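One structure is given here, and the rest of the page talks about it.
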Amino acid sequence: MFKYTKSTLQLTRTVQRSALKMAQSRVLQCRMYASSNKEAPKKQRRSLVPLAILGIAALGLTYYNMGHVSKPPRASVDPVSRPKKDIESKEQPLFKDNEISVIYVLGGPGAGKGTQSAKLVKEYGFVHLSAGDLLRAEQNDASSKYGELIANYIKEGRIVPQEITVALLRKAIVNNYNQGKTKFLVDGFPRKMDQALAFENQIAHGKFVLFFQCPEDVMLHRLLERGKTSGRSDDNMETIRKRFHVFEETSMPVVDYFEKQGKVLKVSCDHPVDVVFGQVVAQLKKEGITD
Ligand code: C5P
Ligand code: MG
């Protein structure tokens, strides 16, 4: 489709300026004839024709330009340095829908979100951002003032205050975007409605939710197996039970919220890794996300 370019804008301005100049000189001449009570000669009246043509051309071009809004250029400024007002106004997220693609990866603890995301990274070049991994990295960062708070929430299987998680994701997305990356799998997020709304209002709109459905006993078995070597403070029976509860009570409403928008792609994950991945790829292909 034809784009509204700099040159059409310049052409419009030139035509508008010429029409204006000509109109001004004709008005002056008319005034002169009016003040001398003489009728304008035929030649003078005929010279109004080009003025009329220019006027119509200027109007036509202006109307055309109004209907052909240009696609904005990719942000040349660092999105981090956008004015604070922009970020907090909640009118516009930091990234427009055509600048980045975000797919949320949801499912109960142990559903295989991380495993499947890693495969998508390898095959399709997504950037994988796990909210849990980002929180654990922040927790282990000695210079972070949130380390202890995050550790307590994770140990209890509770959802960390959204401001912290959203800020970590924002930083990671901006860093990757500045390196030319635009396709993101945001894994284990949003786990609570406030996280969903904050992210959608402030950062970007998620295109889809890849939702891994898994029976609880399968997830429990996987987590207990993982707990033997993971060293995670929450891969133990007591915390796992709490995480299951939080998932049902707090995270499922997020899945329902996106389901109402027709954005949930369901995958049944009680199968071998490659079989699940086959379903994942089929779902994404159906939506035209992978080739
Ligand atoms: O996704 P993962 O199982 O790694 O998450 C571990 C813990 O990190 C969660 O149980 C929760 O305490 C915290 N978390 C969170 N918000 C998220 C993701 C993880 O509070 N969106
Ligand atoms: Mg994970």
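The values are calculated or read from the model by the stated rules, or taken from the named source; none is laboratory data. This structure is a prediction, so every number in the text was calculated from the model and none was measured. Heads up, the Cβs are rebuilt from the backbone with ideal geometry, glycines too, and the neighbour counts pull from every protein chain shown. Accessible surface areas use protein heavy atoms only, side chains included; no ligands, DNA or RNA. Shrake-Rupley method; radii C 1.70, N 1.55, O 1.52, S 1.80 Å.
Farther than 25 Å from residue 207 by Cβ and open to solvent by 60 Å² or more (accessible area, probe 1.4 Å): is that true of residue 242 in this structure? Yes: the conditions hold for residue 242.
For the range 245-267, a residue qualifies if it is touching a Phe, Trp or Tyr at 6+ places or on another chain (Cβ under 9 Å) and either modelled with pLDDT under 95 or exposed (fewer than 13 other Cβ atoms within 10 Å of the Cβ) (or both), but none of them does. Annotation note: of 238, 225, the sole residue that is away from ligand 1 (no atom under 14 Å from the Cβ), assigned to a helix (DSSP H, G or I), more than 18 Å from the chain's Cα centre (by Cα) and at pLDDT 95 or above is 225. Applying the criterion of being in contact (Cβ under 8 Å) with a residue 60 or more places away in the chain and surrounded by fewer than 19 Cβ atoms within 10 Å (Cβ to Cβ) to the residues of the range 143-158, the residue that is farthest from ligand 1 (Cβ to nearest atom) is 151. Among residues of the range 84-106 being modelled with pLDDT under 95 and assigned to a loop (DSSP other than H, G, I, E, B), the one that is farthest from residue 259 (Cα to Cα) is 89.
Among the residues of the range 173-191, the ones that are within 16 Å of ligand 2 (Cβ to nearest atom) and either in a helix (DSSP H, G or I) or open to solvent by 30 Å² or more (accessible area, probe 1.4 Å) (or both) come to 1 in all. State whether the residues of the range 110-125 include one that is free of Cβ contacts under 8 Å to residues at least 24 places away in the same chain and within 14 Å of ligand 2 (Cβ to nearest atom). Yes - at least one qualifying residue is present in the range 110-125.
Contact annotation: residue pairs with Cβ atoms under 8 Å, 6 or more positions apart or on different chains, pairing a residue in the range 241-265 that is farther than 13 Å from residue 192 by Cβ with a partner that is modelled with pLDDT under 95 and not in a helix (DSSP H, G or I), are 265/287. Taking the range 192-210 as the range and being within 19 Å of residue 123 (Cα to Cα) and either within 15 Å of ligand 2 (Cβ to nearest atom) or without any contact (Cβ under 8 Å) to a residue 24 or more places away in the chain (or both) as the test, only 210 passes. Screening residue 142 against (1) in a helix (DSSP H, G or I); (2) more than 15 Å from ligand 2 (Cβ to nearest atom) leaves a single unmet condition, (1).
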